[in-house]
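The values are calculated or read from the model by the stated rules, or taken from the named source; none is laboratory data. If you're wondering where the values come from, they're calculated on a predicted model, not measured in any experiment. All Cβ positions, glycine included, derive from the backbone under ideal geometry; neighbour counts span all protein chains shown.
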Amino acid sequence: MALTPEQIEEVKQQLREQVENLPEERKQQALSQINSLSPHAVEAMIKQQQSKNSSDIGQKDKTIFRMIIDKDIPSVGLSENKDAIAVLDINPISKGHIIIIPKKPLNDAKKIPTSAFTLAKKLGGRVVEKLKAKSNEIQTENKFGEVIINLIPCYDSQLNINSQRSKSSMEELEKIGFLLRDKIKLQKIKIAKKKSSGNQPLILKRRIP
């Protein structure tokens, strides 16, 4: 499994986020180790993780998308339905770049469930409303041997999956996630009024003689 420089950086970014809450000294040591990882070391680490989890997922390899689905690595989730989940891309092409991951691994874009595209369109409307994007590009992509859907907001110019990417911190992604994720609907609790008891004393008005 030969990873591209972009894929290696994506894995390293996921590792950096996992050590974010460590004590400062340990965090800096961990970050130094992560940054010094060679491409070969990153590939070996992924292979080890895939081997460890292969029996759980019933297949030989466990891609980064399976790790996101299984919550093995952190992500900023936005929404989901029975067939797919939507999370923010950690190396976005533009602000609010979302990836929709089918819950079952697929290698053919034609097999992506319609409900996954429905999820993309729903979030696309939210991106236009909340982030003021002019439009969205919804494009499928084969990455790490799986097909996913990219929802790429367009602001000043048209973009696609080959456009230049940038890095985002978890803090930046969480702020965007707060605007875009599904809101929890709180149910109103009805409090039944107590019926008056028949045992209450009868108060008569005082009569003036």
Checklist outcome for this item: Of the residues in the range 105-121, those that are surrounded by 16 or more Cβ atoms within 10 Å (Cβ to Cβ) and in a loop (DSSP other than H, G, I, E, B) number 4
Checklist entry - Of everything in the range 102-136 that's of a type in the set (Lys, Arg) and over 16 Å from ASN81 (Cβ atoms), which residue is nearest to the chain's Cα centre (by Cα)? => result LYS130
Next on the checklist: Considering only residues that are more than 16 Å from SER75 (Cβ to Cβ) and of a type outside the set (S, T, N, Q), which ones fall in the range 89-107?
Outcome noted: ILE93, LYS95, LYS104, PRO105, LEU106
Checklist outcome for this item: Here the qualifying pairs (Cβ atoms under 9 Å; residues six or more apart or on different chains; first in the range 147-176 and on the phi > 0 side of the Ramachandran plot; second at pLDDT below 95) come out as none
Next on the checklist: Suppose we keep only residues that are over 24 Å from ARG16 (Cα atoms) and not hydrophobic (A, V, I, L, M, F, W, C) within the range 164-193. Which one would you say is modelled with the highest pLDDT?
Outcome noted: ASP182
Checklist entry - Right, ILE85: in the same structural domain as ALA116 (by TED's automatic domain parsing), modelled with pLDDT of 95 or more and closer than 15 Å to GLN139 by Cβ or not? => result no
Item to check | Selection from the range 78-104 of residues that are surrounded by fewer than 19 Cβ atoms within 10 Å (Cβ to Cβ) and part of a loop (DSSP other than H, G, I, E, B) | outcome: ASN81, LYS82, ASP83, ASN91, LYS95, LYS103, LYS104
Checklist entry - In the range 122-158, how many residues are assigned to a loop (DSSP other than H, G, I, E, B) and over 18 Å from GLU6 (Cα atoms)? => result 7
Item to check | Set LYS52, LYS95, LYS71, LYS60: member being more than 9 Å from the chain's Cα centre (by Cα) and at pLDDT 95 or above | outcome: LYS95
